[in-house]
Structure formats: structure tokens, C-alpha cells
Amino acid sequence: MEASIKIKVPFYDLDPMNVVWHGNYVKYFEQARCALLNELQFNYPEMAKMGYAFPVVKMEVKYIRPSEFEQEILVKAKLVDSENYLHVKYLITDAVTGAKICEAQTKQMCVSLTKKTSYFELPTEVLKKLKSI
């Protein structure tokens, strides 16, 4: 399952070199991940209703080329594994040329909201929810 969003790079995301500051890509990943979770019908409010949170516990980013003010970028998020974590891969490209800008991946661990304990395997009810889609 994957989802894509388009973003027109805003001025306030730029650094002094007039390119997107590297930390702002994390915000773009989050926006695409939220779109993906909505597609899966397992967004953050749904997780909370089930008694879980899924904090990011690992992130890897590879920056390939910069993004500039008003550039239209396409951010894709794809769920690649959901046995132990929610493992999501991202690809950011120029929306016009398709040129690769950035690749990344995150892992999100399941945590009980009431017990504040981590799960090293996704709970059965979460797996059923993800497999039903």
C-alpha cells in the first residue's frame, strides 16, 4: 500500500542557502505517512481508539539533491512491512521532472497507551486490521 502527496515548497522551509533545510523533510515524510495511514484506515486517532501509539523509533534519510522555493515535489510513502513495526519507505521527487530528491525510511514501534509498554511484535488485533485492507 502506498500514498502520495504534492507539496509546493514554502518560503519558510528554506535555510540561509535558499534550499529546503534538511530537517523539514521529516515534516514532509509525516504528511505522506498520514496520507498512507488514512488510506489504510489506521490513522493516529484510530490507533488511539485501539489503545496504541506508534512512535518513530528509527529513521534513515539519504539526501540526493536540494529542493527550492515554490518547487513542486511529490512525496510517496509506502508500507513495506508490518510484522514487528510499521516500516515505511519514502521517495521525494520533483513533481515535474521526476528527478529524485530524497529517499528515507522509518520504523514505528507499537506502544500501549495505558501500560506504556512497547511491543516487539504487532498485537494480533493490529495485524488483523492491517491485513484486512
Inset, instruction - May I ask for the equivalent-ellipsoid semi-axes of the stretch 30-103, computed as the square root of five times each C-alpha gyration tensor eigenvalue and listed largest first in whole Å? - result: 27, 13, 10
Inset, instruction - Using 0.36 nm per residue of separation minus the Cα-Cα distance, give me the extension gain between E68 and N18 in nm, one decimal. - result: 17.3 nm
Inset, instruction - Kindly sort T93, T114, T124 by accessible area of their heavy atoms, largest first, with the probe set to 1.4 Å. - result: T114, T124, T93
Legend entry - Prolate/oblate/rounded label for the stretch 1-67 (Cα gyration tensor, a/c 1.5): prolate
Inset, instruction - Taking a cut-off of 15 Å between Cα atoms, list the aspartates and glutamates near K100, but don't count ones fewer than 8 places away on the same chain. - result: E68, E72
Legend entry - For the stretch 75-84, 3J(HN,Hα) per residue [Karplus equation, 6.51 cos²θ - 1.76 cosθ + 1.60, θ = phi - 60°, Hz, x = Gly/Pro]: 10, 9, 10, 10, 7, 10, 7, 8, 8, 10
Inset, instruction - Measure up K8/K89; K89/K131; K8/K62; K78/K115; K6/K107 against 26 Å on the Cα-Cα distance and list the ones that go over. - result: K78/K115
Legend entry - Q71 long-range amide H proximity, modeled H, under 5 Å: V9
Inset, instruction - Using only Cα atoms, find the angle between the long axis of helix 24-39 and the longest principal axis of the chain, and express it within 0 to 90 degrees, rounded to the nearest 10. - result: 50
Legend entry - Carbon and sulfur %, accessible surface of the chain computed with the full protein complex present, 1.4 Å: 53
Legend entry - Two-decimal log10 I(q)/I(0) for the chain, as the Debye equation yields it once each C-alpha is a single scatterer, q = 0.11 Å⁻¹: -0.42
Legend entry - Estimated 222 nm signal from helices in the chain, with DSSP H stretches of n ≥ 4 weighted -39500 (n - 2.57), rounded to 500: -6500 deg cm²/dmol
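The values are calculated or read from the model by the stated rules, or taken from the named source; none is laboratory data. It should be emphasised that the depicted structure is a prediction, and the values quoted were computed from it without experimental measurement. SASA here: full protein model, heavy atoms, side chains in, ligands and nucleic acids out. Shrake-Rupley method; radii C 1.70, N 1.55, O 1.52, S 1.80 Å.
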